[in-house]
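The values are calculated or read from the model by the stated rules, or taken from the named source; none is laboratory data. Please read all numbers here as calculations on a predicted model, not as lab measurements. Glycine also receives a Cβ, built like all others from the backbone with ideal geometry; neighbour counts cover every protein chain displayed.
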């Protein structure tokens, strides 16, 4: 089921360069085979767990100053900008 | 000076004036210096710990108000943000990261004058059950350094067990507080989802994880819980708990309580020694006046598959933020195209993190979503409803925390599925949000065995009372290191 092409496709999706896709094939396949048991569980309910949040739990929408200097530890900055590689 | 004391003994001695904070902190650092080369519980230490201790002593001397921790040394899992120290998540990707803010739990501890002694080792981004997946190398079990300490909060468990601090904060996504608690013979609590703010905890699986305390006694865990629990405006998933005092009425006992033994968690696949200890725990509870019955939770059989599907999916989304631009390790952007740079930088994630993200991307992809992710969500609901039914019949559930004894470092590292299956007894608490605690119960072949109790949501008080009662029946040896 899982082959080299699949791992390369997934590595594209998760944006991780994988030097040795071979290393992951057997393990990912073994784990997915284990996950297959989920498909066999008989479930009658359509209910899903969810946490509901009422509006009165939200804080008032007003400006709250932030004292933390959120950008002081940023790397690769130049004049208050974050340096990023060029986009093609 | 004895470092192997409880928090209540420590605070008593500080109040009596028979011990100074500085003495205790200095001695603790000396202890760390002596044992941590072997154990590797810490990734970094607080260089200002002695200075902070002196400040607290000064306040005590002039009778200024001092917080309830009175300078007690606590270790913090290195995925919880601290302003003055690095937060690495045991990853190359964050090896130099200093958070610009403190996590809510850290602010709360600081207000109470706790001294953060150091940042504790973990599996990279808390993904693992042995602490072997740390970029900085594994932690070792104080009961036998050839053995794993459990994980992912391995450094937390080790540091508490080896008297390198009085308490620790870990995080528990699938058992990550309870596993090291069990393997290192300390107490570890996974609270109800929403009881403790996750603000400042580096996200791995938001809908599942909780911060939890580890300490050497149940009373100490309750003490730390008092400080860190409660609603937080910075985390909208936190819930109102009415701020009960968890240390009060700990001696209430279990007389008249009904305890269900989860039959799926004590049979096949469980080590003989662990099975025997479970029987002993049952008879201890019966002697204390509780009624123990067998209870079946058949959905628990599917918990590992459901959990790893959901946690991997959430991880693949959460860890997308690590692009090495705003924070990360030294790696110049010159000469790279955007996507090429990101992928190259991200190749520094360890193999387990990469594996989980591969799995996460797979189970979320078109054509497979219904088969895996959606089904896992339904299994999650099923587990929750079976637990709700169970708690109509019993007050608490009991099972061994880990199905097997601690094993040798390296023994299972090449078989990730085997490591995932170690979480079989802990995961139901995470998927359903209920609280669970691991209590040190026995030593077999020189290695610790922990017993686990579960309670219904927000029933921490009842859970701690039962854990305290069980803990008091034990008489365990001192840690050999």
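Quick test of your reading of the structure: residue B:392 fulfils all but one of (1) in a helix (DSSP H, G or I); (2) touching a helix residue (DSSP H, G or I) at 6+ places or on another chain (Cβ under 8 Å); (3) away from every other protein chain (no Cβ under 14 Å); (4) under 24 Å from residue A:45 (Cβ atoms). Name the failing condition by number.
(2)
Of B:335, B:367, which residue is without any contact (Cβ under 8 Å) to a residue 12 or more places away in the chain, under 29 Å from residue A:33 (Cβ atoms) and out of contact with any helix residue (DSSP H, G or I) (no Cβ under 7 Å at 6 or more places or on another chain)?
The conditions single out B:367.
Could you tell me which numbered condition residue B:188 fails, if it satisfies all but one of (1) in contact with a strand residue (DSSP E or B) (Cβ under 7 Å, 6 or more places away or on another chain); (2) part of a loop (DSSP other than H, G, I, E, B)?
(2)
Considering each of A:41, A:64 in turn, give the residue that is over 22 Å from the mean Cα position of the chain (by Cα) and either within 7 Å of chain B (Cβ to nearest Cβ) or in contact (Cβ under 8 Å) with a residue 12 or more places away in the chain (or both).
Result of the check over A:41, A:64: A:41.
Going residue by residue through segment B:149-157, is there one that turns out to be touching a helix residue (DSSP H, G or I) at 6+ places or on another chain (Cβ under 7 Å) and either surrounded by fewer than 24 Cβ atoms within 10 Å (Cβ to Cβ) or in a strand (DSSP E or B) (or both)?
no
Does segment B:415-435 include one or more residues that are under 30 Å from residue B:39 (Cα atoms), assigned to a loop (DSSP other than H, G, I, E, B) and within 9 Å of another protein chain (Cβ to nearest Cβ)?
yes
In segment A:12-28, how many residues are part of a helix (DSSP H, G or I), touching a helix residue (DSSP H, G or I) at 6+ places or on another chain (Cβ under 9 Å) and more than 7 Å from chain B (Cβ to nearest Cβ)?
Summing the residues that are part of a helix (DSSP H, G or I), touching a helix residue (DSSP H, G or I) at 6+ places or on another chain (Cβ under 9 Å) and more than 7 Å from chain B (Cβ to nearest Cβ) in segment A:12-28 gives 4.
Just name the residue that is nearest to residue B:128 (Cα to Cα) out of those in segment B:313-365 that are at the interface with chain A (Cβ under 7 Å from one of its Cβ atoms) and in a loop (DSSP other than H, G, I, E, B).
Restricting to residues being at the interface with chain A (Cβ under 7 Å from one of its Cβ atoms) and in a loop (DSSP other than H, G, I, E, B), the top hit is B:349.
From the list B:361, B:281, B:345, which residue is within 20 Å of residue B:207 (Cα to Cα) and surrounded by 16 or more Cβ atoms within 10 Å (Cβ to Cβ)?
B:361
Look through segment B:96-106, keep the residues that are part of a loop (DSSP other than H, G, I, E, B) and touching a strand residue (DSSP E or B) at 6+ places or on another chain (Cβ under 8 Å), and return whichever of them is farthest from the other protein chains (Cβ to nearest Cβ).
This residue is B:103.
Quick grid of which residues meet (1) modelled with pLDDT of 95 or more; (2) within 23 Å of residue B:395 (Cβ to Cβ); (3) within 14 Å of chain A (Cβ to nearest Cβ):
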position: B:211; (1), (2), (3): yes, no, no
position: B:215; (1), (2), (3): yes, no, no
position: B:221; (1), (2), (3): yes, yes, no
position: B:236; (1), (2), (3): no, no, yes
position: B:246; (1), (2), (3): yes, yes, no
position: B:254; (1), (2), (3): yes, yes, no
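Mind telling me which of the residues B:288, B:297 ends up being within 30 Å of residue B:425 (Cα to Cα), crowded, with 21+ Cβ neighbours inside 10 Å and at pLDDT 95 or above?
Going through B:288, B:297 in turn, just one is within 30 Å of residue B:425 (Cα to Cα), crowded, with 21+ Cβ neighbours inside 10 Å and at pLDDT 95 or above: B:297.
Please verify whether residue B:20 is surrounded by fewer than 22 Cβ atoms within 10 Å (Cβ to Cβ) and under 29 Å from residue B:176 (Cβ atoms), treating the condition exactly as stated.
no
Out of curiosity, is residue B:300 over 20 Å from residue B:96 (Cβ atoms) and within 7 Å of chain A (Cβ to nearest Cβ)?
no
Being assigned to a loop (DSSP other than H, G, I, E, B), on the phi > 0 side of the Ramachandran plot and surrounded by 14 or more Cβ atoms within 10 Å (Cβ to Cβ) is the requirement here; does residue B:70 meet it?
Yes; evaluated as a whole, the condition is true for this residue.
Among (1) facing chain B (nearest Cβ under 7 Å); (2) more than 23 Å from the chain's Cα centre (by Cα); (3) within 30 Å of residue B:233 (Cβ to Cβ), which single condition is residue A:70 missing?
Exception for residue A:70: condition (2).
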